[in-house]
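The values are calculated or read from the model by the stated rules, or taken from the named source; none is laboratory data. Just so we're clear, the structure is a prediction, and the values are computed from it rather than from any experiment. Glycine gets a Cβ as well: all are built from the backbone with ideal geometry, and neighbour counts include every protein chain shown. Areas reflect the complete protein model, heavy atoms only, side chains present, ligands, DNA and RNA absent. Shrake-Rupley method; radii C 1.70, N 1.55, O 1.52, S 1.80 Å.
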Amino acid sequence: MSAIGHALPLAGSMTWEILWALILGFFLSAVVQAVVRRATVIRLMGDDRPRALVAATGFGMASSSCSYAAVALARSLFRKGANFTAAMAFEIASTNLVIELGVIMFLLLGWQFTLAEFIGGPIIIVLVALMFRVVLRARVLREAAEQAEKGVAGSMEGHAAMDMSIQTQGSFWHRLTSADGFTSVAHVFVMEWAAIWKDLVAGLLIAGAIGAWVPDAFWQGLFLDGHPVLSAIWGPLIGPIVAMLSFVCSIGNVPLAVVLWSGGISFGGVISFIFADLLILPILNIYRKYYGLKMTAVIIGVFYMAMVAAGYAVELIFGLAGLTPDRTSARMPVAGITWNYTTWLNIVFLILASLLTLRFFRTGGRQMLAMMGGGPTIDTRNGDTPAGDGAAERAADNEDPHDH
């Protein structure tokens, strides 16, 4: 009981520290997703040329930060005609280049980690695109496309099928401030929280438990702390493996990254660990169901090499520039709730979240939540009543991509 009493307050303090940043990040993401229509995304991701990859990265940055939702959405885009490489770029950006991740890294780890996120993420996308061109065979891609067309049930399938963007015409500001705009932002905001809350809670609890129970000597031995050169080489190699075994992805990885960084893993190792949220074992099983064993093997090999390379690149770039952060920059919040700027920001953004949640439930939110669990699909653009299975996807397919 004493150990649990130590771990839970630590997890609670980390939650309170990052709460306002999470709400802000999801709100900004919801605003963008409410304005940009799914058909526009698909139209701009039809190949693997630089322009398409830049578009995929930009749309991913404005999309969900939940790894499970990102994987499901990437499959949905691929099925509708997006290039596979572009879909993977979208997936990587939507978990590793989102605003809320950068803000939380800034709060818990320091600004250097946020900068490293936005440097390392594009490096991974470029490397993945180049390696796919070399190793991805037409037959494997064809088999993956056939497998992706098969119905695979999952908690994120309905979420990926929904297009909650605004159909109102007019300027960005007019569309966003309209009644439909408020409703669409509320829908995206709450659905993003519904997609990520389990992963976030798991990450905070695991980080709290590890931070409270695992002695520093264990991490120092695992990460070769005290051997600067060996640690810098070993860190990016072991980082993704620790992530794979942690079962925690996306934002939930950041509190655990604080523990690892404090325990002695190298700077590049932390970066490769955070980027490896798309390689955890549950998601690898999802890849197998979505694309088959051969494509899964390709994804594992390419993603792992790209993430390790990005870790080395970040370590080298920041080392040469003299920007490698001091290990004391990591903060394990233990103060709990005190009257400071964090508390006031949390109050303001909790009010915003409450208003959006109230709007969500007043405009068909319960049915949308049921859709995430494999229930009837809902076409959110034509009302909030249940439609037949796949209605939202068919509506997206029939939408005129030139009407934007």
Select from the stretch 245-262 the residues that are without any contact (Cβ under 8 Å) to a residue 60 or more places away in the chain and under 19 Å from Ala93 (Cα atoms) and write down the one among them that is surrounded by the most Cβ atoms within 10 Å (Cβ to Cβ).
Asn253
Could you please let me know if Thr328 is assigned to a loop (DSSP other than H, G, I, E, B), over 22 Å from the mean Cα position of the chain (by Cα) and among the β-branched types (Val, Ile, Thr)?
no
Over 17 Å from Pro325 (Cβ atoms), assigned to a helix (DSSP H, G or I) and in contact with an Asp or Glu (Cβ under 7 Å, 6 or more places away or on another chain) - does that describe any residue in the stretch 183-195?
no
Go through (1) of a type in the set (A, V, I, L, M); (2) more than 23 Å from the chain's Cα centre (by Cα); (3) farther than 25 Å from Pro255 by Cα; (4) at pLDDT below 65 and name the single condition Ala335 misses.
(3)
Filter result for Gly46 (in contact (Cβ under 8 Å) with a residue 40 or more places away in the chain and over 12 Å from the mean Cα position of the chain (by Cα))
yes
Just need a number here: residues in the stretch 70-89 that are open to solvent by 10 Å² or more (accessible area, probe 1.4 Å) and hydrophobic (A, V, I, L, M, F, W, C).
2
On the given criteria, is Leu224 touching a helix residue (DSSP H, G or I) at 6+ places or on another chain (Cβ under 7 Å), open to solvent by less than 70 Å² (accessible area, probe 1.4 Å), assigned to a loop (DSSP other than H, G, I, E, B) and over 18 Å from Leu109 (Cα atoms)?
yes
So in the stretch 338-378, with the set limited to residues that are of a type in the set (Val, Ile, Thr) and more than 30 Å from Ala209 (Cβ to Cβ), which one is modelled with the highest pLDDT?
Ile351
So, of the residues in the stretch 227-238 that are open to solvent by 20 Å² or more (accessible area, probe 1.4 Å) and of a type outside the set (A, V, I, L, M), which turns out to be modelled with the highest pLDDT?
Trp234
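Residues are listed down the side, and each one gets a yes or a no for (1) modelled with pLDDT of 80 or more; (2) farther than 24 Å from Met244 by Cβ:
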| residue | (1), (2) |
| --- | --- |
| Ile18 | no, no |
| Ile23 | yes, yes |
| Val32 | no, yes |
| Val36 | no, yes |
| Met45 | yes, yes |
| Asp48 | yes, yes |
| Ser63 | no, no |
| Asn83 | yes, yes |
Here is a list: Ile265, Ile299. Which entry is at pLDDT 95 or above and open to solvent by less than 10 Å² (accessible area, probe 1.4 Å)?
Ile299
Being free of Cβ contacts under 8 Å to residues at least 60 places away in the same chain and either closer than 19 Å to Ala313 by Cα or open to solvent by 40 Å² or more (accessible area, probe 1.4 Å) (or both) narrows it down to one of Leu115, Leu97, so name that one.
Leu97
Only one of Phe273, Phe267, Phe303 is touching a residue at least 60 places away in the same chain (Cβ under 8 Å), farther than 26 Å from Arg142 by Cα and aromatic (Phe, Trp, Tyr); which?
Phe267
Which one of the conditions (1) open to solvent by less than 10 Å² (accessible area, probe 1.4 Å); (2) closer than 24 Å to Phe27 by Cα does Gly120 fail to meet, given that it meets all the rest?
(2)
